[in-house]
Amino acid sequence: METNMMIDYKHRQAGHCESGTTSNLFNFYGVELSEPMAFGIGNGLFFSYIPFLKIQFAPMISFRNFPNTIFHRSMKYLGVDATVIKKFDDPKEAMLALDRNLTKGIPTGMQVGVFNLTFFPPEYRMHYNMHNLVCFGKEGNLYHISDTVMERPQVLTYEDLLRVRYAKGAFAPKGKMYWINNIKTDLNIKGAVSLGIKKTVYEMIKIPFPLVGVKGIRWIAKDLKKWPKKHGNEKASFYLGQILRLAEEIGTGGAGFRYIYGAFLKEAGELYRNDELLAASDIMGKAANRWREFTYLGARNCKNRSEPKEDYGMLGDIMLEIADMEESVYKKLDKIKIE
């Protein structure tokens with residue numbers, strides 16, 4: 001389908017791809033929803049540690065929720081009519097479906113792989129398939145892209161966009177795309193904030209599976225202490241490096257997500273004049289600072305620049321301290337009623 005269509009879509013940079021994309025899509029339809037609000041309502045915050053699943057030859061760790069959770073749950077909790085197509089078996093049909101949306105003036109979100117994004121600097125490219133962006137136009141063979149990592153809108157050729165939409169590997173996007181159909185202006189933000197907080201509390205402290213949420217942070221902290229003896233220094237350093245990449249570089253990371261969630265709690269606390277939300281925001285900010293200290297000390301260790309005391313035992317203890325801090329936030333939130 002030959003499509004020449006440019007949608008008047010405002011590109012804004014963001015801290016995280018999916019919450020930024022979701023916020024920008026709301027903005028397009030005339031609803032000012034900040035990125036922290038989209039992130040908090042949509043349950044972007046999470047933690048999982050799956051040691052038996054390897055990503056890039058190291059244990060699977062995630063500081064974020066599954067792809068499309070933020071968009072899907074924020075739409076659900078706010079009562080917005082939206083569409084998510086989880087996969088297309090035929091790549092050409094996926095591109096035709098995108099073209100049809102553009103013809104109708106619908107900016108469309110997509111999950112993509114990062115490795116073949118031609119506008120990314122080489123050092124940003126990795127086999128990571130949970131990235132999100134919005135397509136808002138097409139001219140000839142070029143698609144106009146809003147990627148919240150970038151300062152300005154970008155372009156991708158038909159072939160390059162097809163390639164990133166069908167990247168291989170873990171969490172392969174399989175052509176996934178999503179968009180808003182229509183939206184009311186009188187959204188129940190307060191109700192959505194309450195639902196979002198309850199779901200995050202459930203996922204971080206109430207799921208009985210031991211490898212997710214706060215339990216997962218404690219589990220990896222204990223494993224981390226054993227890695228040098230169990231795997232040897234070289235593999236232990238490689239595994240630690242994986243944590244650091246996920247905590248600081250990939251998809252915003254552990255500290256970044258905690259800062260965004262703290263900003264969500266602060267915005268909600270100020271909006272609804274709730275001191276308990278503000279107190280929870282303060283603790284979450286301190287937990288985020290501690291995550292950042294962990295990654296700094298971990299990086300020193302990987303580069304053999306650390307002091308003897310800054311060993312895996314100390315790093316594990318910091319993680320256990322973070323788990324306690326985060327748990328106190330979720331327990332506090334569990335008791336809050338947003339009136």
Charges only on Cβ, +1 for Lys and Arg, -1 for Asp and Glu: so what's the dipole of region 189-335 about the Cα centre, in debye to the nearest 20?
380
With the dipole of the chain worked out from charges on the C-beta (+1 for Lys and Arg, -1 for Asp and Glu) around the Cα centre, which of Met95, Leu161, Asn43 lies farthest toward the positive end?
Asn43
Checking the table Lys54/Lys87; Lys199/Lys222; Lys10/Lys138; Lys266/Lys337; Lys222/Lys303 against a 18 Å threshold on Cα-Cα, which pairs fail?
Lys54/Lys87; Lys199/Lys222; Lys222/Lys303
Spelling it out for Leu33: with amide H atoms placed in the peptide plane at 1.01 Å from N, the residues 5 or more places away or on another chain with amide H under 5 Å from its amide H are Asn27
Aspartates and glutamates whose Cα lies under 12 Å from that of Lys92, excluding same-chain neighbours fewer than 8 positions away
Glu159
I'm a student and want to see the number: the projected area of the Cα convex hull of region 189-335, averaged over all directions, in nm².
9.0
Setting aside same-chain residues fewer than 8 positions from Lys332, which aspartates and glutamates have a Cα under 18 Å from its Cα?
Glu203, Glu267, Glu270, Asp275, Glu276, Asp282, Glu321, Asp324
Treat every Asp and Glu Cβ in the chain as -1 and every Lys and Arg Cβ as +1, leave all other atoms uncharged, and give the resulting dipole magnitude about the Cα centre to the nearest 20 debye.
980
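With r defined as the distance between the Cβ atoms of Tyr29 and Thr157 and R0 fixed at 25 Å, what FRET efficiency is calculated, to the nearest 0.05?
Working from the Cβ atoms, E equals 0.30.
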Expressed in nm to one decimal, what extension gain is obtained for the pair Glu139 and Lys104 from 0.36 nm per residue of sequence separation less their Cα-Cα distance?
11.1 nm
Among Pro208, Thr185, Ile106, which residue has its Cα positioned farthest towards the positive end of the charge dipole of the chain, with +1 placed on the Cβ of Lys and Arg, -1 on the Cβ of Asp and Glu, and the dipole taken about the Cα centre?
Pro208
The chain: Kirkwood hydrodynamic radius (Cα pairs, Å) comes out at 20.8
Of the options Ile318, Cys302, Met284, report the single residue whose Cα projects farthest towards the positive end of the charge dipole of region 267-339 (beta-carbon charges: Lys, Arg +1; Asp, Glu -1).
Cys302
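FYI, it's all coordinate maths here, none of it is from the lab. Keep in mind that this is a model prediction, so the values were computed, not measured. Note: ideal-geometry Cβ built from the backbone for every residue, glycine included; neighbour counts use all protein chains shown.
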